[in-house]
Amino acid sequence: MDLRQLEIAVAVAEEGGFTAAAQRLHTVQSTVSTVIRALERDLGTALFERTTHRVALTPAGLAFLPAARAALTAAEQARATVNGARWTVSGCVRIGVVPGCWAEPHRVLAKLQREHPAVRAEVRMAQPGELRAAVRESTVDVMVGVAGSAATDGLARRPLRREEMVLVTPPSSDGGAVTMAEAAKLAVVDFAPGWAVREVADRAFREAGVSRVISCEVAEIGAAVELVRHDFGACLLPESVAERFPELRVRRFAGAGPRWDVAAWWAGGEVSAAVSAVVKALG
């Protein structure tokens, strides 16, 4: 039994017929008849007496009708309570994003708008160090970036996405697993300092104890992909980003390669309901 069945049963009782109930509910008479038959079968008894000229409630129907109305009223009250709660959370939340680590902000912002219409989000991009300082100084409420920096110690953290980093190479190149040392010997296409991918790549090569020569430095994923496609080098990318470009060859790292670990940070302690709503919407 569901609310739609109750709604249709009440409409039939109040309108005195299946056709009139269908018109009230903006549906067809056959649908009303099918729903009522299913409801009666579920209850194990007839709710309506059907004659050529009219539809009347059976004794069971007369007993059922007040309970059905009460259930519909309770559902409306519950819905109104939730809708009211959505508007009780309000305020402006400042979100700082490290370039390149938040691929689809529109999805999060749309979800936030649906669930909390009175919360307004302001998004700006900046380099990791600047954002970490801004969170500590409370000029940014929530930061989205990549994990791995000791400078985030003491901040509250929520993981958002974790996956492997892969090396994308030209379509004509060899495949197979690659080491960090082998990747460093290739002509490297990388992103400008301050980009999330650059931060991960710098740390990965540094921890592997190898240095690389960056042949091309860009500030856009599309530009990096075009350079790789035309055989100007190889590029480290998160696996989910690399999958968008099936024409490129994807090479995984042998052993423990670099990880793409995106998270949200905010100042510890008590936060506003609006900040909590944003953190929840982020993932």
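The values are calculated or read from the model by the stated rules, or taken from the named source; none is laboratory data. Note that the structure is a prediction, hence the values are computed from the model and not measured. Here the Cβ is made from the backbone with ideal geometry for all residues, glycine too, and neighbour counts use every protein chain on show.
Are any of the residues in the range 174-185 part of a loop (DSSP other than H, G, I, E, B), among the small types (Gly, Ala, Ser), closer than 29 Å to CYS216 by Cα and at pLDDT 90 or above? Walk me through how you get there before you give the answer.
Narrowing the range 174-185 to residues part of a loop (DSSP other than H, G, I, E, B): 174-177, 179.
Next, only the ones that are among the small types (Gly, Ala, Ser) stay: 175-177.
This time we only want the ones that are closer than 29 Å to CYS216 by Cα, so: 175-177.
Add one more test, that the residue is at pLDDT 90 or above, and what stays is 177.
Yes; the residues of the range 174-185 include at least one that is part of a loop (DSSP other than H, G, I, E, B), among the small types (Gly, Ala, Ser), closer than 29 Å to CYS216 by Cα and at pLDDT 90 or above.
Please work out if VAL135 is part of a helix (DSSP H, G or I), of a type outside the set (Asp, Glu) and either crowded, with 19+ Cβ neighbours inside 10 Å or more than 35 Å from the chain's Cα centre (by Cα) (or both).
Details: part of a helix (DSSP H, G or I): yes; of a type outside the set (Asp, Glu): yes; either crowded, with 19+ Cβ neighbours inside 10 Å or more than 35 Å from the chain's Cα centre (by Cα) (or both): yes.
Yes: the conditions hold for VAL135.
Which of the residues belonging to the range 62-106 are modelled with pLDDT under 90, charged (D, E, K, R) and not in a helix (DSSP H, G or I)?
GLU104
Please state which of the following conditions GLU49 fails to meet, knowing it meets all the rest: (1) in contact with a strand residue (DSSP E or B) (Cβ under 7 Å, 6 or more places away or on another chain); (2) farther than 24 Å from ALA75 by Cα; (3) surrounded by 13 or more Cβ atoms within 10 Å (Cβ to Cβ).
(3)
Would you mind finding the one in GLY129, GLY175, GLY145 that is in contact (Cβ under 8 Å) with a residue 40 or more places away in the chain, in the same structural domain as GLU207 (by TED's automatic domain parsing) and out of contact with any Cys (no Cβ under 7 Å at 6 or more places or on another chain)? Can you show your working first?
On the way: GLY129 fails: in contact (Cβ under 8 Å) with a residue 40 or more places away in the chain; GLY145 fails: out of contact with any Cys (no Cβ under 7 Å at 6 or more places or on another chain).
It is GLY175.
Name the single residue that is surrounded by the fewest Cβ atoms within 10 Å (Cβ to Cβ) among those in the range 272-283 being of a type in the set (A, V, I, L, M) and in contact with a strand residue (DSSP E or B) (Cβ under 8 Å, 6 or more places away or on another chain). Lay out the reasoning, then the answer.
Quick first cut of the range 272-283, residues of a type in the set (A, V, I, L, M) only: 273-275, 277-279, 281-282.
Right, trim to in contact with a strand residue (DSSP E or B) (Cβ under 8 Å, 6 or more places away or on another chain) and you get 273-275, 277-279, 282.
On the way: ALA273: 13, ALA274: 20, VAL275: 20, ALA277: 22, VAL278: 26, VAL279: 20, LEU282: 20.
Once the filter is applied, the top-ranked residue is ALA273.
Looking at the range 1-16, which of the residues that are among the charged types (D, E, K, R), assigned to a helix (DSSP H, G or I) and surrounded by fewer than 16 Cβ atoms within 10 Å (Cβ to Cβ) is farthest from the chain's Cα centre (by Cα)? Outline the logic, then answer.
Pass one, the range 1-16, residues among the charged types (D, E, K, R): 2, 4, 7, 14-15.
Narrowing further to those that are assigned to a helix (DSSP H, G or I): 4, 7, 14-15.
Pick out the ones that are also surrounded by fewer than 16 Cβ atoms within 10 Å (Cβ to Cβ) and you get 4, 14.
Working: ARG4: 29, GLU14: 43 Å.
Across the range 1-16, the extreme among qualifying residues is GLU14.
On the basis of being exposed (fewer than 14 other Cβ atoms within 10 Å of the Cβ) and assigned to a helix (DSSP H, G or I), does ALA110 make the cut? Working first, answer last.
Details: exposed (fewer than 14 other Cβ atoms within 10 Å of the Cβ): yes; assigned to a helix (DSSP H, G or I): yes.
Spelling it out, ALA110 is indeed exposed (fewer than 14 other Cβ atoms within 10 Å of the Cβ) and assigned to a helix (DSSP H, G or I).
Output the residues belonging to the range 17-46 that are within 17 Å of PHE64 (Cα to Cα), free of Cβ contacts under 8 Å to residues at least 40 places away in the same chain and surrounded by fewer than 17 Cβ atoms within 10 Å (Cβ to Cβ).
ARG37, ALA38, ARG41, GLY44, THR45, ALA46
Which of the following residues is over 30 Å from VAL89 (Cβ atoms) and touching a helix residue (DSSP H, G or I) at 6+ places or on another chain (Cβ under 6 Å): ARG212, ARG251, ARG259?
Values: ARG251 fails: touching a helix residue (DSSP H, G or I) at 6+ places or on another chain (Cβ under 6 Å); ARG259 fails: touching a helix residue (DSSP H, G or I) at 6+ places or on another chain (Cβ under 6 Å).
Checking each option against the conditions leaves just ARG212.
If I filter the range 245-260 down to residues being farther than 14 Å from ALA184 by Cβ and among the charged types (D, E, K, R), which single residue comes out as surrounded by the most Cβ atoms within 10 Å (Cβ to Cβ)?
Checking each candidate, the answer is ARG249.
Quick check, is THR152 loosely packed, with under 15 Cβ neighbours inside 10 Å and more than 30 Å from GLU247 (Cβ to Cβ)?
Values: loosely packed, with under 15 Cβ neighbours inside 10 Å: no; more than 30 Å from GLU247 (Cβ to Cβ): yes.
Answer is no for this residue.
I need every pair where a residue in the range 270-283 that is of a type outside the set (A, V, I, L, M, F, W, C) has its Cβ under 8 Å from the Cβ of a residue that is assigned to a helix (DSSP H, G or I), sequence separation at least 6 or different chains.
Here the result reads GLY283/VAL108, each pair linking the range 270-283 to a residue that is assigned to a helix (DSSP H, G or I).
Of the residues in the range 220-240, how many are closer than 20 Å to PHE205 by Cα and surrounded by 21 or more Cβ atoms within 10 Å (Cβ to Cβ)?
Number satisfying all stated conditions: 7.
Take the residues in the range 113-131 that are of a type in the set (D, E, K, R) and modelled with pLDDT under 90; name whichever of them is surrounded by the fewest Cβ atoms within 10 Å (Cβ to Cβ).
Keep residues of the range 113-131 that are of a type in the set (D, E, K, R), which gives 114-115, 120, 122, 124, 130.
Now narrow it down to the ones that are modelled with pLDDT under 90: 114-115.
Numbers: ARG114: 10, GLU115: 15.
Ranking the candidates gives ARG114 first.
Have a look at VAL262, VAL275 and point out the one that is under 30 Å from ALA156 (Cα atoms) and not in a strand (DSSP E or B). Break it down stepwise before answering.
On the way: VAL262 fails: not in a strand (DSSP E or B).
Answer to the check: VAL275.
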